Amino acid sequence: MDALAALRLQIEWGADEALDDAPVDRFAAPAPRPRAVEVAPPAETPRPVMAPTAAAPAALPMPAQRASDIAANCRTLEDLRAALAVFDGCPLATTATNLVFGDGNPASGLMLVGEGPGAEEDRAGRPFVGPSGQLLDRMLASIGLDRTRCYITNLIPWRPPGNRNPTDSEIVVCLPFLLRHIALVRPKHLVLLGNMSVQSVVGTKSGITRMRGRWLDLALPGLDAPVRCLPMLHPAYLLRTHGAKRDAWADMIALRRALDQG
């Protein structure tokens, strides 16, 4: 029963997938460490003078620069999806089950960007299909929208193990793909859901509770003109903080009003 209780606790914490082929015995005694043996330093000898050689080849670009170069060469959403499917510069791609690219109608003029996929999204390969996605569907329906009238994606296209937050380096690598994603969709209105997506796309350190509900004119690479952007609370936050639903409803009304005004 203790083992079952521990397993149930791990599942509640989000540790629902094994990353190693064999279990690790955390209670086994550690192997003895070899003792360090002092060795007298060798007598100093003069260094030989090396003749000049050809310059060493340039180091490979950092993963973020690679991502930026690859994303810039994508001309369609299909190109971008294919590039992400084979991209090996983010470790999350090796632990996730599926690439979670996007869902909905990219020609709708309304684009919503979340933070990252969870377990349900990872299994389905679609964004916002779990509990927070079901709440998002109800929020959209409350102002007469559904997934045929908007397009949905995430900042991070692969699920982090155990639903942990992505690291700063993982966000930096994924951001060029998201910015290109937005440029290819060319939305008239952009909704950023959650603290992580707002801070990454807008380039601010302000929290979502301070940013939410205020329309921004956001200049992004690949777009001819600034896009109207509305930061909003993430549905997952609303599931944990019921008192914030009042603010979320006010933001949905502001979104509906903006859509009606064209």
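The values are calculated or read from the model by the stated rules, or taken from the named source; none is laboratory data. These numbers were taken from a predicted model, which means no experiment stands behind them. Counting neighbours? That spans all protein chains shown, and the Cβs are built from the backbone with ideal geometry, glycine included.
At-a-glance table
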item: Selection status of Gly243, over 17 Å from Cys150 (Cβ atoms) and not in a helix (DSSP H, G or I); result: no
item: Pick from the range 146-167, criterion of a type in the set (D, E, K, R) and within 18 Å of Ala96 (Cα to Cα), ranking: surrounded by the fewest Cβ atoms within 10 Å (Cβ to Cβ); result: Arg164
item: Residue that is within 12 Å of Phe177 (Cα to Cα) and either surrounded by fewer than 16 Cβ atoms within 10 Å (Cβ to Cβ) or out of contact with any Asp or Glu (no Cβ under 9 Å at 6 or more places or on another chain) (or both), where the choices are Arg123, Arg81; result: Arg81
item: Conditions (1) in a helix (DSSP H, G or I); (2) within 16 Å of Val100 (Cβ to Cβ); (3) under 13 Å from the mean Cα position of the chain (by Cα); (4) not acidic (Asp, Glu); number of the one not met by Arg123; result: (3)
item: Selected residue [out of contact with any Phe, Trp or Tyr (no Cβ under 6 Å at 6 or more places or on another chain), closer than 27 Å to Thr94 by Cβ, among the hydrophobic types (A, V, I, L, M, F, W, C) and modelled with pLDDT of 95 or more] from Ile171, Ile143, Ile152; result: Ile171
item: Failed item in (1) over 23 Å from Ser132 (Cβ atoms); (2) in contact (Cβ under 8 Å) with a residue 12 or more places away in the chain; (3) of a type outside the set (Val, Ile, Thr), with Met232 passing the rest; result: (1)
item: Qualifying residue in the range 171-182 (condition: within 23 Å of Leu99 (Cα to Cα) and free of Cβ contacts under 8 Å to residues at least 12 places away in the same chain); result: no
item: Residue within the range 128-141 that is out of contact with any Gly (no Cβ under 6 Å at 6 or more places or on another chain) and closer than 30 Å to Asp69 by Cβ present; result: yes
item: Condition met for Ser132 (small (Gly, Ala, Ser), touching a strand residue (DSSP E or B) at 6+ places or on another chain (Cβ under 7 Å) and in a helix (DSSP H, G or I)); result: no
